[in-house]
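The values are calculated or read from the model by the stated rules, or taken from the named source; none is laboratory data. It should be emphasised that the depicted structure is a prediction, and the values quoted were computed from it without experimental measurement. Neighbour counts are summed over all protein chains in view; Cβ atoms, including those assigned to glycine, are modelled from backbone coordinates with ideal geometry. Surface areas here come from the heavy atoms of the whole protein model, side chains and all, with no ligands, DNA or RNA. Shrake-Rupley method; radii C 1.70, N 1.55, O 1.52, S 1.80 Å.
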Amino acid sequence: MKRRIQIIALIVVSSLLLTGHVMGQRVSFGLFATDGIVITPLGAGNLNFNTKQNILLPDQTVTINLVDDAAAILSITGRLDQEITVTIDAPSTLDLGVSHTIPLAVKFAYSNIGAATDVLAKLSAIEMASGFTSATFPMLRRASGLPAPPPTPNHSGYVAPTGTVYLFLYGTLGVIPSNAAAGIYSGTINVHVSYAKN
Amino acid sequence: MKLFRYILPILLLMSAFTLQAQKTSVSIKAQATVIDKAEIELVTIKYLDIDAGMAVNGIINVSAKRDGQAGVMMVKGRPDASFRISFAPVVQIQNSAGKGSLTLKYEMYGYSSDNQAASEPIDAAARTLKINSDGQYYFWLGGIIDISKARPGKYEGEFTLEIEYI
């Protein structure tokens, strides 16, 4: 029942304006397992639509785009000489209890150019079309020319080179039903990563 | 010959096991907090308008009760509901374009209809107010600010208003 509303005061040399609202919350990630591939949430580690739009009201739709800071970011570390398959298992709604739901459409993009940071990676990210939930791609995008040689077989003392791929999750929430109950709507997006070949 | 028939299935089984073991998963939370339209909504009707030309001896004083430059806000909520507010009456606003800061002392007046002249002072301490039968309550925001020693620049700060149904 308690709402905190913040108004930003702005003075430009001699004038002052007031505007704005602030709401917020945070959630955390949970790791299931790791074996050869390591997935690490970066930043806030969630997909929070209030980060894009502070106050969400019934009849509204809010979209987090790839370029938005609110997009969730994951780093995937694995063998550079392998291809990986990423599968996004997202709910079609965010739920409040069992009877209140808001439509959710999640999209994703990946960057496999060997970027040093997620910021640089986002600039070259490849967006998957709406409705796609899985993609297979090399850990390191190949340059044009002849195909790369086959991976070095595992043998005693051999340590395969590793690299990082960045994954971005974003999407659209809404339309929020006009009779939506107030509260926190949530859902869990599962991200599965495996080597495409061995 | 018999030996090969048994070895081959075993190798395939091991390969499948390796693939299975290298699958990794993470779950992330998607979340949104929705506010009921009937719950509460703060609408800014007019911004607080301060101009350096209004200064008298370096002091700008905008009366929340009398001045047309006062900011106007309206709370939309449940009709006839009681609520209380609290806010920080004094705030430092920083010069984002250079050095220095200014101290802004807010003045808040409120009334249950759009009638500034009839409004009553609201101090920073939590005080019980009542939304009218149309689901509205009005605030007027003024303030006092000393710009006599202010450096030119762009000053930014925050005004925090907490609203709570009771």
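In the set (1) more than 7 Å from every other protein chain (Cβ to nearest Cβ); (2) open to solvent by less than 30 Å² (accessible area, probe 1.4 Å), the condition left unmet by A:THR162 is number (2). Taking the criterion of being in contact (Cβ under 8 Å) with a residue 60 or more places away in the chain, part of a loop (DSSP other than H, G, I, E, B) and within 19 Å of A:VAL193 (Cα to Cα), the residues of segment A:124-150 that qualify are A:MET139, A:LEU140. If I filter segment B:10-23 for residues that are facing another protein chain (nearest Cβ under 7 Å) and at pLDDT 75 or above, do I get at least one hit? No; the residues of segment B:10-23 include none that is facing another protein chain (nearest Cβ under 7 Å) and at pLDDT 75 or above.
The single residue among A:LEU140, A:LEU167 that is modelled with pLDDT of 85 or more and within 18 Å of the chain's Cα centre (by Cα) turns out to be A:LEU167. Among the candidates A:SER156, A:SER178, A:SER186, the residue that is assigned to a strand (DSSP E or B) and more than 19 Å from A:ASN65 (Cβ to Cβ) is uniquely A:SER186. If you go through segment B:101-112 and keep only what is surrounded by 14 or more Cβ atoms within 10 Å (Cβ to Cβ) and more than 10 Å from every other protein chain (Cβ to nearest Cβ), you end up with B:SER101, B:GLU107, B:MET108, B:TYR109, B:GLY110, B:TYR111, B:SER112.
Tally up the residues in segment B:130-156 that are touching a residue at least 60 places away in the same chain (Cβ under 8 Å) and of a type outside the set (Lys, Arg), please. Walk me through it before giving the result.
Initially, segment B:130-156 is screened for residues touching a residue at least 60 places away in the same chain (Cβ under 8 Å), giving B:135-149, B:155-156.
Narrowing further to those that are of a type outside the set (Lys, Arg): B:135-148, B:155-156.
Total satisfying the criteria: 16.
Considering only residues in segment A:37-82 that are of a type in the set (D, E, K, R) and over 17 Å from A:SER194 (Cα atoms), the one that is most open to solvent (accessible area, probe 1.4 Å) turns out to be A:ASP69. Give the residue, chosen from B:ILE144, B:ILE166, B:ILE131, that is over 22 Å from B:GLY68 (Cα atoms), of a type in the set (A, V, I, L, M) and open to solvent by 60 Å² or more (accessible area, probe 1.4 Å). When all the criteria are applied, what remains is B:ILE166. Among residues of segment B:24-48 being open to solvent by 40 Å² or more (accessible area, probe 1.4 Å) and at the interface with another protein chain (Cβ under 7 Å from one of its Cβ atoms), the one that is modelled with the lowest pLDDT is B:LYS37. When segment B:113-126 is limited to residues that are of a type outside the set (A, V, I, L, M) and touching a strand residue (DSSP E or B) at 6+ places or on another chain (Cβ under 6 Å), the one that is surrounded by the fewest Cβ atoms within 10 Å (Cβ to Cβ) turns out to be B:PRO121.
Can you pull out every residue in segment A:96-112 that is at pLDDT below 95 and either surrounded by 16 or more Cβ atoms within 10 Å (Cβ to Cβ) or within 13 Å of another protein chain (Cβ to nearest Cβ) (or both)? Quick ask: steps written out before the conclusion?
First pass over segment A:96-112, keeping only residues at pLDDT below 95: A:96-100.
Those that are at pLDDT below 95 and either surrounded by 16 or more Cβ atoms within 10 Å (Cβ to Cβ) or within 13 Å of another protein chain (Cβ to nearest Cβ) (or both): A:LEU96, A:GLY97, A:HIS100.
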